[in-house]
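Here the structure is laid out as structure tokens; the discussion comes afterwards.
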Amino acid sequence: MVPSGHLRLDIDATYVTWDERFGLRSEGGSLVEEVEPLGWNLSSDALGSDRLPGAALTEARLRTLFGNPNYRFNLGSTNHLLAAHIRRVPLGFRLGVFRWLTVGASLPMVQRKLDSELVYTPGQANAGLAPSASVRAPFMNEYGNALAEARTVIASFCAVDESTPECRTGRAVLAEGDALLGSLATLFGEAVFFPLEGSAAGQDLAGRVEEVRTGLSNIGVTSFTAPLPLGAPMDRAGFDSLVVAPVFGATGLPVEDMDALWEPGDLEVGAALQVLNVTPRPADPPGPGEAADSVVGPGQDSGGGFGVRLGVAGTLRLGTGSPQDTIREFLDMEIAEGQMDIEVRAFGGVDWARRVGLTFDVRYGIASPVYVRRRIGPPDRGFAPRPPLETVQWRPGNYLEYGIAPQLLLTPELAVGFVYRSLSRGADSFAGDVADLAALSLETDAEVRSMGVDVRYSSFLGGGFPVVARFGWEAARGGTGGRTPKTGRVRFGASLYWRLWGGG
């Protein structure tokens, strides 16, 4: 709470960083829940349909064609070193209208940064980028024309006597040629990746084409000479092209470092009410710990007795910020959500023996729905498989956060504390006319438990100029969810007080 008649200006700088997440994935039919690198989606010893779903359909067709259920693409090995950083500087004020009522507003300025290094090694790759339309068109045209010529030749063989060896052999060659041409047309029409020349699958396909070519030659059709186009070896530039080109239904940003401009977050307005204060105090500055941002600190001159404080607050988050472009950016950093939230809060503290205390803070947030455009796909894939971009109604899950901060007053001005915080968020819900709508809600619930320290200097406690300076550090120690960041957080802040009227 802010003393009545006082204006408090707050400047806080928070730096959040993470390169790991509390992951959740399926391996061999079993659910694996463990801390995994943030770049896991694009890291693989044998990159294939496990990371790039654009490979799955072609893989399935080749397995059927080869009669090999274990065939899979290997596009080489990748190691994606990815770290995310968010700098947040809320600028706000609080006004003590009465001793029991404080109102205020805050606008955060936010900057996002990515450190991204993708190491790609062809290694034992057996597949690459599928041949382009301009490369495969001459082959397909020549193949089709040769089969048309063969039909004329075979018709002449069979016109006299269909039981002749020439007629039977010609029809067998034609049937084999038609079947292979149909399979290749289907593969070329949908493939993002294709077997490389020299790979076992490439040799198999080329061998089948040669069998058809030989059969056509044996019946006098020699116009089919074009070689089978196979996959082009992929390098780093080729890998980047998968992201920036609309291969997967959306044009993404390159897999590289990003240093965004400062952006405004969501404007917040709110009010706090003091419910209980059994210890009269000359002033009410905030105490240690981000979790107790509006709670007085321990050890103020209360005669060495026992004090209890309790307050309630409400905050309206207006959704004025610009939501992140999650259609092109494949890491959601949640700088602003573009919809209105309502947050209710209870806070308070207990002091005893002049130098020891404990503060607590409990927050519960309720989100309103908003219409957004999303890529439809499973959460464990860096790229959704050729998804349409759909407009859906999104309601973020409600959240519950509580923090507890035992504190010790080292001097009349300086206090240190240990902070324990728990944040849990329910699953998001979506509505819309989308076939795989349920996939959007997967791994959107989250739970994080963090611990840290807090140091705060308050001139109120020593009778000096009314200023409060604070430093805090927290790190996530446990969590669940699948995409939940395992963050570290550093906070610097200061609050300046001015008396506008009255005596408090």
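Within the range 191-228, the set of residues being out of contact with any Gly (no Cβ under 8 Å at 6 or more places or on another chain) and β-branched (Val, Ile, Thr) comprises Val209, Thr214, Val221, Thr222, Thr225.
Here Arg88 fulfils each of the conditions (1) without any contact (Cβ under 8 Å) to a residue 24 or more places away in the chain; (2) open to solvent by 20 Å² or more (accessible area, probe 1.4 Å); (3) farther than 24 Å from Asn126 by Cβ apart from (1). Of everything in the range 209-246, what is crowded, with 19+ Cβ neighbours inside 10 Å and at pLDDT below 90? Give them in sequence order. Within the range 209-246, Met234, Phe239, Leu242, Val243 meet the criteria.
For the range 28-39, which residues satisfy the criterion of being free of Cβ contacts under 8 Å to residues at least 24 places away in the same chain, more than 13 Å from Thr484 (Cβ to Cβ) and either crowded, with 17+ Cβ neighbours inside 10 Å or over 22 Å from the mean Cα position of the chain (by Cα) (or both)? Hits for the range 28-39 are Gly28, Gly29, Ser30. If we scan the range 360-373, do we find a residue that is among the β-branched types (Val, Ile, Thr), more than 21 Å from the chain's Cα centre (by Cα) and either at pLDDT below 90 or over 16 Å from Val455 (Cα atoms) (or both)? The answer is yes; a qualifying residue exists. Does the range 113-127 contain at least one residue that is assigned to a strand (DSSP E or B), more than 30 Å from Gly238 (Cβ to Cβ) and open to solvent by 20 Å² or more (accessible area, probe 1.4 Å)? Within the range 113-127, none of the residues are assigned to a strand (DSSP E or B), more than 30 Å from Gly238 (Cβ to Cβ) and open to solvent by 20 Å² or more (accessible area, probe 1.4 Å). Is there a residue being touching a residue at least 12 places away in the same chain (Cβ under 8 Å), more than 30 Å from Pro131 (Cα to Cα), in a strand (DSSP E or B) and open to solvent by 20 Å² or more (accessible area, probe 1.4 Å) anywhere in the range 74-82? So far as the range 74-82 goes, yes, one or more of its residues are touching a residue at least 12 places away in the same chain (Cβ under 8 Å), more than 30 Å from Pro131 (Cα to Cα), in a strand (DSSP E or B) and open to solvent by 20 Å² or more (accessible area, probe 1.4 Å).
So, in the range 9-27, exactly how many residues are charged (D, E, K, R) and surrounded by fewer than 17 Cβ atoms within 10 Å (Cβ to Cβ)? Before you say what the answer is, go through the steps one by one.
Step one: filter the range 9-27 for residues charged (D, E, K, R), giving 10, 12, 19-21, 25, 27.
Still in the list and also surrounded by fewer than 17 Cβ atoms within 10 Å (Cβ to Cβ): 27.
Selection size over the range 9-27: 1.
Somewhere in the range 300-307, is a residue at pLDDT 70 or above, open to solvent by 10 Å² or more (accessible area, probe 1.4 Å), over 22 Å from Arg355 (Cα atoms) and in a loop (DSSP other than H, G, I, E, B)? So far as the range 300-307 goes, no, none of its residues is at pLDDT 70 or above, open to solvent by 10 Å² or more (accessible area, probe 1.4 Å), over 22 Å from Arg355 (Cα atoms) and in a loop (DSSP other than H, G, I, E, B).
Within the option set Gly349, Gly319, being assigned to a loop (DSSP other than H, G, I, E, B), at pLDDT 80 or above, of a type outside the set (Val, Ile, Thr) and surrounded by 14 or more Cβ atoms within 10 Å (Cβ to Cβ) holds for one residue only, Gly319.
The values are calculated or read from the model by the stated rules, or taken from the named source; none is laboratory data. Just so it is clear, the structure is predicted and the values come from calculations on it, not from any experiment. Please note: Cβ atoms are built from the backbone with ideal geometry, for glycine as well, and neighbour counts cover all protein chains shown. These accessible areas exclude ligands, DNA and RNA; they are computed on the full protein's heavy atoms, side chains included. Shrake-Rupley method; radii C 1.70, N 1.55, O 1.52, S 1.80 Å.
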